[in-house]
Every structure is written in structure tokens, then in C-alpha cells.
Amino acid sequence: MSFLRFLMLLSLIAWIGGLIFFAFVLAPTAFAPGVLPNTHLAGNVVGRVLSKLHWIAIVSGFVFLASSLLYSRLTDGTAHVFAMRHMLICVMLGLTLLSQFWIIPRMDTLRASVGDFATVTLDNPARVQFDALHVWSTRVEGAVLLLGLVAVYLTASAFRQR
């Protein structure tokens with residue numbers, strides 16, 4: 001049982017910790033003046049890291065679901081498929097998949113077609129579309145982070161009740 005709890009916590013730590021590090025350390029540092037030669041390079045770095053973070057999240061989400069369902073089955077006799085923590089993880093996975101396979105590829109296509117966004121005007125259609133996708137990407141990642149924090153709380157509460 002403790003190994004299943006370990007897997008549940010480790011998967012949440014990797015996912016939520018990665019998001020916190022990305023949002024509050026990596027992205028702001030990459031775009032800070034003087035760290036990288038230009039914002040185009042910073043965008044490339046951040047985009048590649050975000051893609052890797054998404055894969056960590058996808059694996060973590062499935063590990064959490066498998067270990068949590070098995071843990072519930074072994075301790076309560078039922079998997080509690082519709083427990084709130086499981087539902088939150090499914091929504092988080094859905095949002096992560098949306099970002100990884102829809103938002104980010106479109107941003108990458110726009111970035112490749114324009115090159116360096118610092119060289120185009122703010123009203124350029126490709127830049128407007130890229131900026132809109134960036135806003136959605138930020139919202140999605142923020143939602144995943146908030147839902148993840150709730151999932152951590154619910155998971156910790158479930159362990160406390162035992």
C-alpha cells in the first residue's frame with residue numbers, strides 16, 4: 001500500500017513541481033534581458049521544455065490514475081472511479097493533451113513561418129494569432145496547476161482518513 005501511495009505522490013510532485021518550476025523560474029529567466037541573445041531563442045527553449053514537461057505530465061497522470069485506482073480498490077474494495085481526485089486528474093490530462101497536440105503545434109507552425117516575432121508588427125495576422133494561442137496556452141497551464149493543487153489536497157486528505 002505504501003508503494004502505491006508513493007507512486008501517487010511522486011507523480012503529483014513531478015507534474016505540479018514541474019509546472020511551478022516552469023512558470024516561476026524557467027520561463028521568466030529565459031525571457032529576462034541579457035540571459036539569451038533574443039526572444040526568438042528564448043521562445044524556442046521554452047517551447048521545447050514545455051513539450052518535455054507535457055510528456056512528464058502525461059506519464060504522471062496515467063501513473064497517478066493507475067496507482068490511485070488500485071490503492072482505492074485494495075483499501076476500500078472499490079476503485080472509486082469517479083472520486084474527485086480522479087476526475088481532476090482526467091481534466092488535467094485532457095488540458096495537457098490539448099496543449100501538447102493542438103495549441104503548441106500551431107504556435108510552432110506560426111513561429112516557423114514568421115521566424116523572429118520581434119521583427120514583425122503587433123498587427124501582423126500571424127503574430128496576432130500566435131499571441132492569442134499564447135494566451136490560451138498560459139490559461140491552460142494555469143488551470144492545470146490550480147487543478148493539480150486541489151488534487152494534491154484531496155489526495156493528502158484521502159491518506160489522512162485512513
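Within segment 11-46, take every residue that is under 22 Å from Ser72 (Cβ atoms) and in contact (Cβ under 8 Å) with a residue 12 or more places away in the chain and give me the one that is surrounded by the fewest Cβ atoms within 10 Å (Cβ to Cβ).
Ala14
When residues of segment 47-91 are filtered for being under 14 Å from Leu19 (Cα atoms), crowded, with 18+ Cβ neighbours inside 10 Å and not hydroxyl-bearing (Ser, Thr, Tyr), how many remain?
5
Quick check on Leu19: is it closer than 20 Å to Ile104 by Cα, in contact with an Asp or Glu (Cβ under 7 Å, 6 or more places away or on another chain) and in a helix (DSSP H, G or I)?
Values: closer than 20 Å to Ile104 by Cα: yes; in contact with an Asp or Glu (Cβ under 7 Å, 6 or more places away or on another chain): yes; in a helix (DSSP H, G or I): yes.
So Leu19 passes the test.
Quick one: Ser68 ticks every box in (1) over 19 Å from the mean Cα position of the chain (by Cα); (2) over 18 Å from Val144 (Cβ atoms) bar one, so which box is it?
Tallying (1) over 19 Å from the mean Cα position of the chain (by Cα); (2) over 18 Å from Val144 (Cβ atoms), Ser68 fails exactly one: (2).
Taking segment 106-150 as the search range and keeping residues that are surrounded by 14 or more Cβ atoms within 10 Å (Cβ to Cβ) and of a type in the set (Asp, Glu), which one is nearest to Met92 (Cα to Cα)?
Glu141
Laboratory data are not the source of any read-out in this text; all were calculated from the coordinates shown. Note that the structure is a prediction, hence the values are computed from the model and not measured. Using ideal geometry, Cβ is built from the backbone for each residue, glycine included, and neighbour counts are taken over all protein chains shown.
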